[in-house]
Structures are given as C-alpha cells and as structure tokens.
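J.: Have a look at the structure that comes next, please.
Just so it is clear, none of the values below were taken in a lab; they were calculated from the coordinates. This structure is a prediction, so every number in the text was calculated from the model and none was measured. As a convention, Cβ positions derive from the backbone with ideal geometry for all residues, glycine included, and neighbour counts pool all protein chains shown.
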Amino acid sequence: MKRYFGKYGGQFVPETLVPALAHLEEEYCKIKDDKSFQENLSNLLFDYCGRPTPLYLAKRLSKKLGVGRIYLKREDLLHTGAHKINNAIGQSLLAKKMGKKRIIAETGAGQHGVATATAAALLGLECEIYMGSTDAKRQELNVFKMNLLGTKVNIVESGSKTLKDAINEALRDYTANFKDTHYLIGSALGPHPYPTIVRDFQSVIGIEAKKQILEKEGKLPDCLVACVGGGSNAIGLFSAFLDEPVEMIGVEAGGNGKQHAERLTGKAREGVLHGMKSYFLQDENGQIQNTYSVSAGLDYAGVGPEHSNLKEMERAKYVSVNDQEALSAFKTLSQYEGITPALESAHAVGYVMKMEKAEDKTIIINLSGRGDKDAPQVMELLK
Ligand SMILES: *Cc1c(COP(=O)(O)O)cnc(C)c1O
C-alpha cells in the first residue's frame with residue numbers, strides 16, 4: 001500500500017506503534033478483497049445505516065441561486081445523521097475481524113464519538129471515547145448519548161482541552177493497548193494506513209453518486225463540492241471521480257474574520273502532527289495554532305494528507321466560507337428545500353451560493369450531515 005500521497009502522509013509515530021500499524025495494514029489488505037467481509041459491510045450499510053442515500057435534484061435552490069442543476073448527496077439521511085457512520089461501521093467490523101475486543105476513538109463535537117459508540121453497540125465491542133473537557137461541556141447531549149450507548153467517555157484536561165488533545169490521548173492509549181484495542185480514527189488523517197482506510201470506507205459516497213448522476217443526467221457532473229474538516233466526506237465523494245474531467249472543490253471554515261480553520265486556503269504550512277505530514281495551522285515556531293469555526297466538525301488544525309496532495313497537484317481547488325455565509329446557507333437550504341444541513345455541510349452550500357457563471361453547470365454538493373444537532377446553537381446565534 002502507498003504510504004504517501006505525493007510528499008504528504010507517512011507514518012510519524014513512536015517506534016512501539018509501528019508493529020501495530022503494520023498489522024493493521026496487513027489485515028486491512030486482506031479484507032479489502034474479501035468477499036464475505038465486503039458483503040457483510042454492505043448489508044450493514046444498507047439495512048442498518050440506510051444506504052444507498054438519494055442523490056436529490058434541488059430544483060428550487062438551483063433556481064434561486066441561478067445555478068444549472070444542483071444535486072444533493074443525502075448523507076444527512078443516514079443513521080446517526082451524518083457520513084461518519086460509514087467509516088465507524090467499516091473500521092469496527094475490521095477490528096472484530098482482527099480479534100480486537102475494545103475500540104477507542106477521539107471526538108471533537110461528539111459526532112464521531114456517537115457514530116463509534118453506535119457501531120460498538122451494534123457489534124458488541126467495548127468502547128471508550130476521548131473528548132476534550134471544553135468540547136464535552138459544549139456538547140453535553142452527545143456525551144449523554146455515548147453513555148447511553150454503553151460507551152465510557154474519558155474527559156481530556158490537557159492542552160487546549162479540545163480535539164487535538166483528545167487525539168493525543170487516544171494515540172497514547174493505542175500505543176499502550178494495541179494488542180486488544182483498535183483505534184478508530186474518525187477522518188482521513190493520522191499515520192498510514194488510516195488516511196487510506198478511512199477514504200476507502202467513505203468512497204461508497206462517490207461510487208453511489210457517480211452511478212446515480214449517470215442514471216439521472218446521462219453524463220458526469222461539472223463539479224463536486226464538499227466541506228473539509230479532516231477531509232473524509234470530501235475524499236469519499238471525490239475518490240470516484242479523480243480520473244474523470246470533473247472539477248472538485250473542498251470548502252474550509254473561514255471562521256469569524258479573526259480566527260478560522262483555513263489550512264489549505266490560508267497561511268498554514270507543512271508540518272508533522274498526529275502521525276502524518278500535511279498542512280497545519282501553526283505559528284512561526286511551528287506551534288500548532290488554535291482554530292475556530294461556528295461549525296465544530298471543521299475546527300481542526302490539520303487536514304488529511306491526500307487533500308494536501310490534491311491541492312499541490314492542483315487536481316482539487318480549496319476555498320473558504322465564513323461563519324456568516326454558512327449561517328445564511330443553513331437558512332436558505334431550509335427555506336428553499338425543507339432540508340436543514342449540518343453547519344459543516346452548510347459551508348459547502350455557502351460556496352455554491354457565491355459561485356459565479358454557474359448557470360449551465362451541474363453540481364453535486366455532498367450534504368455530509370443534518371442540522372438537528374446545530375439547531376439550538378443557531379437559534380442562539382440568530383437571536
Ligand atoms: C465531522 C463532520 C464533518 C467533517 O469531517 P470530514 O472528515 O472533513 O468529513 C463534516 N460534516 C459533518 C456533518 C460532520 O459531522
């Protein structure tokens with residue numbers, strides 16, 4: 001398996017972790033082409049998660065924005081409300097296949113924690129989630145949901161007490177316990193082979209969308225648009241179209257004018273953190289900077305290595321949408337289509353709202369999740 005995407009990726013981990021990651025890679029290679037594993041996975045994705053998700057032509061939104069045809073890939077309709085479950089189920093099945101009894105994961109806003117806790121309950125695995133104390137306070141409801149699902153939530157008090165610190169703690173736990181524990185990383189990042197594994201488990205989004213658009217339009221779309229936190233929903237959609245003449249746009253969080261999470265569009269630079277070489281927001285001394293976005297899922301200081309490479313090769317374009325634009329998209333999609341997007345996904349919609357010369361274009365927006373989780377926050381913001 002390829003360890004790098006161009007010059008990004010790799011495996012920057014303590015020596016003690018190398019055998020665990022080698023074992024993971026070996027086992028993953030086995031199940032990748034194993035018919036019974038893949039059938040088992042498909043069955044769960046279909047019957048339990050609700051795949052395939054529709055590719056919906058948003059006619060009123062297209063007309064309102066003066067864009068040719070906007071299609072929404074409806075990952076928001078999945079069980080637990082977002083694309084994260086695709087990866088959580090895939091990796092949990094892999095963990096079981098590897099004979100692991102326990103899974104651990106990091107979570108920022110709690111979405112990946114809930115998806116992982118759900119997969120663990122489904123498959124009868126022990127589960128522990130690491131979450132920064134700042135995040136745990138902000139996302140009480142998700143902490144409760146994880147507990148309800150039988151998962152233990154470990155509150156992290158180190159550093160900025162947010163996602164990056166939760167990842168550090170999860171990596172520490174994994175290093176100590178990998179014999180019986182699988183670390184279920186939530187986005188297309190971390191040390192090799194995680195970026196590849198997560199991309200593959202999310203690639204179902206693009207495979208379905210490609211088939212659906214060909215059925216509906218008889219041709220490929222002009223353009224794909226997806227928000228980029230760590231980059232898993234975007235790469236899940238993009239991967240099926242990489243060899244096609246289709247434009248790809250990843251949307252980062254532009255934040256509030258002072259703080260943001262613009263890794264590929266801002267002043268971020270190459271660095272090494274959390275086991276990978278990629279783009280990170282850092283100061284001139286290489287210290288990782290705090291990020292900010294109205295949407296918790298886009299609020300991470302780094303980006304998956306495959307996106308760094310797609311940017312460098314100019315195969316995908318990266319843009320940013322700020323809090324206000326995302327909030328406006330949150331309202332517009334609700335009012336014109338009766339669909340309330342997650343604030344993360346609202347960034348992708350927000351970019352299409354400001355696209356120019358798109359009257360003849362067919363665009364697929366990845367609607368990575370639903371907005372119910374964000375409604376209380378947006379209610380406060382709009383007061
Ligand atoms: C977590 C999350 C994201 C960001 O993660 P990616 O790995 O970049 O996809 C986007 N949308 C939703 C709804 C999320 O929950």
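J.: So if I place +1 on the C-beta of Lys and Arg and -1 on the C-beta of Asp and Glu, and nothing else carries charge, what would the dipole magnitude of the chain be about its Cα centre? I want it in debye, nearest 20. It would help to have the intermediate numbers written out before the result.
T.: Values: 48 positive and 47 negative charges, 106 e Å.
Here the chain has a charge dipole of around 500 debye.
J.: Shifting gears a bit: How long are the semi-axes of the equivalent ellipsoid of the chain, defined as square roots of 5 times the Cα gyration tensor eigenvalues? Whole Å, largest first.
T.: On the way: eigenvalues 176, 106, 88 Å².
For the chain, the ellipsoid semi-axes come out as 30, 23, 21 Å.
J.: Report, for segment 1-128, the % of DSSP beta bridges that are antiparallel, rounded to 5.
T.: Numbers: 5 of 8 bridges.
Approximately 60 percent, going by the DSSP bridge assignments.
J.: Going by how many other beta carbons lie within 10 Å of each one, how would you line up L77, L93, fewest first? Mind dumping the intermediate values first?
T.: On the way: L77 18, L93 21.
Result, fewest neighbours first: L77, L93.
J.: Same structure again: Students often check this: by mean Cβ neighbours within 10 Å, which of 286-297, 39-50 ranks highest, and how do the rest follow? Don't skip to the answer; put the middle values down first.
T.: Values: 286-297: 19.9, 39-50: 15.2.
My ranking of the peptides, most packed first, is 286-297, 39-50.
J.: Count charges around G150 for me, please; just the other residues with Cβ under 15 Å from its Cβ, Lys/Arg as +1, Asp/Glu as -1. Don't skip to the answer; put the middle values down first.
T.: Working: positive: K101, R102, K145, K152; negative: E126, E128.
So the surrounding residues net to +2.
J.: Right, next: Of K357, K32, K311, which is the most mobile in a GNM of the chain whose springs link Cα atoms less than 10 angstrom apart?
T.: Looking only at K357, K32, K311, the biggest GNM fluctuation is shown by K357.
J.: Can I ask one more? What's the Kirkwood radius of segment 148-293 in Å, using all Cα pairs? Please list the in-between numbers first.
T.: Details: mean 1/r = 0.0573 Å⁻¹.
Evaluated over segment 148-293, this radius sits at 17.5 Å.
J.: Hey, what number do you get for the chain at 222 nm if only DSSP H runs of n ≥ 4 count, each worth -39500 (n - 2.57), divided across all residues, to the nearest 500? Walk me through the numbers on the way to the answer.
T.: Details: 15 runs with 161 residues, N = 383.
Value at 222 nm, helices only, nearest 500: -12500 deg cm²/dmol.
J.: Quick one: Cα centre-to-centre distance for segment 296-318 and segment 92-143, in angstrom?
T.: Going from one Cα centre to the other spans 25 Å.
J.: As I understand it, the dipole of segment 238-354 uses +1 on the Cβ of Lys and Arg and -1 on the Cβ of Asp and Glu, about the Cα centre. Which of A346, S239, A316 lies farthest toward its positive end?
T.: A346
J.: Determine, for D165, D200, the number of other Cβ atoms within 10 Å of each Cβ, and report the residues in order from fewest to most. Please report the intermediate quantities before stating the final value.
T.: Numbers: D165 21, D200 18.
So the ranking, lowest neighbour count to highest, is D200, D165.
J.: Here is a further query. Compute, for segment 1-131, the length of the dipole vector about the Cα centre, with Cβ point charges of +1 (Lys, Arg) and -1 (Asp, Glu) only. Units Debye, rounded to 20. If you can, show how the numbers build up before the last one.
T.: Values: 20 positive and 13 negative charges, 177 e Å.
Rounded to the nearest 20 debye, it is 840 debye.
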